[in-house]
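Here the structure comes first, spelled out in structure tokens, and everything after it is commentary.
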Amino acid sequence: MIKQENTMKISEIYNLNKSQAELDFVDINPDEDLPLFIDPFFLSKKQDNWSIEATLTIRSFFQQVIDLIRNGNENVAKELFDHLHEPNATCMGMSVGNPRGRGVGNQDTDKIYDSLLRSRAIQTGLIQDIEDNILFVDNFGKDKLSDMATNIITSHLITYTQNQCNFHNIPLTPGISSDYFWNRQANEWQTELTDMLVVNGKRILFVPKGIVSYSKGYTPDKYYNHFVLEFLQNEHLRLQTALVQRKNNGAHFVTKKSLKEINPQSKDFLRRFTQEHPEVLQQFKDTTDIDSLPNIEITDINIREVLQNLVTRLQAIPTGNNSASDFHNIIKGILEIVFYPHLLNPIKEREILNGRKRIDITFDNAAKNGIFHRLSENHNIPCPYIYIECKNYSHDIANPELDQISGRFSVNRGRVGFVICRQFENKDLFIQRCRDTFTDGRGLVVPLADEDIILLLQNYNDWNSDFTERFLSDKVRDIIM
């Protein structure tokens with residue numbers, strides 16, 4: 001547990017010497033809330049294993065609510081809402097100043113539940129996913145949805161926080177109450193004593209930066225303006241109603257303004273419309289996509305300055321075992337920048353397998369496009385996780401290092417990894433060894449040296465990953481083609 005008088009971010013409190021770009025979690029200030037949200041819809045679109053597991057837990061909770069209400073067990077269903085409290089531990093949401101959880105409070109949960117019953121949205125099947133509440137339930141917004149989701153997936157956030165603290169050598173406090181979380185195996189709320197991050201006596205939960213958003217994608221405004229009204233425009237044109245107007249060139253049209261005058265936006269109207277045209281809601285869900293926020297949208301950061309600083313620090317690290325920790329530490333931050341948002345949730349392996357240390361780092365593969373997506377979809381190479389091994393050798397890496405990483409591959413965990421080293425005297429020889437490993441069916445290992453890392457940093461763009469994609473694609477093609 002740490003005591004801190006000044007207002008500082010986690011990276012400053014624990015002297016991580018890393019910017020937000022080099023961290024997988026949102027670098028929060030424990031004394032203030034960031035206006036960021038956990039959006040269950042966005043989470044459900046993510047492809048990494050952590051997001052998939054968290055989504056399954058959210059759906060488990062809400063399905064239990066739906067089943068109880070439809071079976072007439074409304075009082076039991078309402079009891080499930082008792083544990084949807086004010087989640088201050090993530091320091092995210094709508095508060096100004098000290099985090100105080102202005103989302104779901106005790107009175108709010110009663111109102112939300114009553115609104116659910118009054119709207120009959122659950123009984124009629126209109127609401128199927130927890131995020132649908134935003135569209136159809138009165139007095140329900142993104143802050144309440146985010147707070148509900150945070151409560152439900154608390155156990156996932158605890159595990160993530162523990163892994164990130166281990167990754168960055170941040171001390172945890174044992175025997176702290178987890179607070180309530182939804183256990184989808186037991187189908188009930190549970191609590192436990194576990195290792196927690198505690199700052200100034202306050203429990204802190206990290207949130208992966210790749211899953212947070214401003215919740216601007218799945219909203220009633222977007223649904224109404226871009227899907228409902230456009231559907232109605234086409235319907236009025238098809239039926240040639242009185243709302244149809246004619247342009248000078250003879251083309252017919254219907255204005256959204258005229259439709260809004262007849263059916264102004266309200267959740268009651270959206271409920272009635274969607275019950276008659278559920279296919280429009282499905283189209284909204286299928287076509288709406290959300291991307292992870294770039295680092296400069298999460299925090300004020302001079303990314304060029306960060307990149308140049310990393311290049312300078314990398315070049316200053318000596319080779320050899322004495323500086324191995326420094327090399328590993330800087331590579332962790334560099335890979336977070338270069339691979340984000342395609343690779344998330346880095347974990348430092350601590351286990352010993354058969355007396356041998358396991359791989360330095362594993363990332364969850366969250367790619368929806370690009371080289372990490374194509375390896376699985378186009379080349380049929382399983383890669384739900386990506387392995388990273390760092391070697392601060394003064395000499396070339398050889399077969400033992402190649403065998404070390406390929407020996408950890410499996411179908412379930414993946415067959416793709418990177419060996420990060422300082423330099424190659426004979427790079428062609430090691431590339432040929434990587435080709436032989438791949439040809440023998442032992443997996444894909446991609447080597448990167450300092451010169452490669454520096455080139456990636458010098459050409460990095462927080463808004464455009466084209467250079468990184470081309471660079472990595474060429475590296476992979478050189479081995480597998």
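Number of residues in region 230-275 that are within 23 Å of T124 (Cα to Cα), in a helix (DSSP H, G or I) and within 34 Å of the chain's Cα centre (by Cα): the value is 10. I'd like the residue in region 447-478 that is aliphatic (A, V, I, L, M) and within 25 Å of the chain's Cα centre (by Cα) and, out of all such residues, is farthest from I317 (Cα to Cα). The residue in question is L472. Considering only residues in region 111-126 that are among the hydroxyl-bearing types (S, T, Y) and within 22 Å of Q265 (Cβ to Cβ), the one that is modelled with the highest pLDDT turns out to be T124. Out of D108, D132, one residue alone is at pLDDT below 75, in a helix (DSSP H, G or I) and of a type in the set (D, E). It is D108.
The one condition from (1) of a type outside the set (F, W, Y); (2) at pLDDT 90 or above; (3) part of a helix (DSSP H, G or I) that D31 does not meet is (3). Any residue in region 238-252 that's β-branched (V, I, T): show its pairings with residues that are assigned to a strand (DSSP E or B) at Cβ separation under 6 Å, as long as the two are six or more apart or on different chains. Pairs found: V244/H252.
Do we find that L16 is farther than 11 Å from C91 by Cβ, touching a residue at least 40 places away in the same chain (Cβ under 8 Å), over 14 Å from the mean Cα position of the chain (by Cα) and outside any loop (DSSP other than H, G, I, E, B) in this structure? Taking the combined requirement at face value, the residue does not satisfy it.
Of the residues in region 131-171, how many are closer than 22 Å to E336 by Cβ and touching a Leu at 6+ places or on another chain (Cβ under 6 Å)? Total meeting the criteria: 4.
Per-residue answers, yes or no, for (1) polar (S, T, N, Q); (2) buried (at least 17 other Cβ atoms within 10 Å of the Cβ); (3) closer than 28 Å to K368 by Cβ:
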{"residue": "V228", "(1), (2), (3)": "no, yes, yes"}
{"residue": "A251", "(1), (2), (3)": "no, no, no"}
{"residue": "K256", "(1), (2), (3)": "no, no, no"}
{"residue": "N263", "(1), (2), (3)": "yes, no, no"}
{"residue": "P278", "(1), (2), (3)": "no, no, yes"}
{"residue": "L310", "(1), (2), (3)": "no, yes, yes"}
{"residue": "I317", "(1), (2), (3)": "no, yes, no"}
{"residue": "N321", "(1), (2), (3)": "yes, no, no"}
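Restricting attention to region 281-301, the residues that are within 16 Å of D221 (Cα to Cα) and touching a Ser or Thr at 6+ places or on another chain (Cβ under 7 Å) total 2. Considered as a group, the residues in region 385-422 that are surrounded by 14 or more Cβ atoms within 10 Å (Cβ to Cβ) and of a type in the set (S, T, N, Q) include one that is nearest to S473 (Cα to Cα), and that residue is S406.
Among strands (runs of 3 or more DSSP E) entirely within region 184-227, having at least 1 residues that are modelled with pLDDT of 95 or more and under 19 Å from the mean Cα position of the chain (by Cα) singles out 202-204.
For the residues I153, I170, the requirement of being touching a Ser or Thr at 6+ places or on another chain (Cβ under 6 Å) and surrounded by 13 or more Cβ atoms within 10 Å (Cβ to Cβ) singles out I153. Applying a threshold of 7 Å to beta carbon distances and a minimum spacing of six or more residues, or different chains, the list of pairs starting in region 127-145 at a residue that is under 11 Å from K267 (Cβ atoms) and ending at one that is in a loop (DSSP other than H, G, I, E, B) and modelled with pLDDT of 90 or more reads I134/Y218; I134/T219. Once region 32-52 is narrowed to residues that are touching a Lys or Arg at 6+ places or on another chain (Cβ under 9 Å) and acidic (D, E), the residue that is farthest from R374 (Cα to Cα) is D33.
The values are calculated or read from the model by the stated rules, or taken from the named source; none is laboratory data. For clarity, every value in this text was computed on a predicted model and none was experimentally measured. We place every Cβ from the backbone using ideal geometry, glycine too, and count neighbours over all the protein chains shown.
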